[in-house]
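Presented below is the structure to which this report refers.
Nothing in this text is a laboratory measurement; each read-out follows from the coordinates by a stated rule. Everything quoted here is computed from the prediction, not taken from an experiment. Cβ: placed from backbone, ideal geometry, glycine included. Neighbour counts: every protein chain shown.
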Amino acid sequence: MAGWLAIGLVLLGCSSGTPLDHEEMTVACGMCVFKLGATTGCYWAAEVDGGHLPVTGPGIPMDHDAHGPGGMCTMTRTAKITGTRYDDKIWADSFELVPVDPTGMAVAPEHRH
């Protein structure tokens, strides 16, 4: 068991990424808003250098109404993200949605996944 832990720590130490410290990023549902497709179901994604990366990690809000007004599936939002940006994803240790003006919120049209 200790051997596997040591291997995991070595591999973790070898992975490189760019630290993010309260970086403001445009975020929304990767499937519903950014139309990334590659997976099923709703998930947070962020605009990065003209493309989009999925956002994962312990900082992701779990109590967010994805399909409600102001939800990740209805509109782009701004989030302040602290974590690490990798080539294929963003690991969010914290993910703070910036409040939006309620007049800009929309109700998501019915859609299926």
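Using 13 Å as the cut-off for backbone N distance, which residues of region 85-100 belong to the label zone defined by a point 7 Å from the Cα of residue 60 along Cα→Cβ? The answer is 89-95, whose backbone nitrogens lie closer than 13 Å to the label point.
For residue 43, the amide hydrogen comes within under 5 Å of the amide hydrogens of 30, 31, 32, counting only partners 5 or more places away or on other chains and with H modelled in the peptide plane. Among 88-94, 49-55, 68-74, sorting by the average number of other beta carbon atoms lying within 10 angstrom of each residue, highest first, gives 68-74, 88-94, 49-55. A cut-off under 14 angstrom between Cβ atoms defines the neighbours of residue 21, and their net charge, with Lys, Arg +1 and Asp, Glu -1, is -2.
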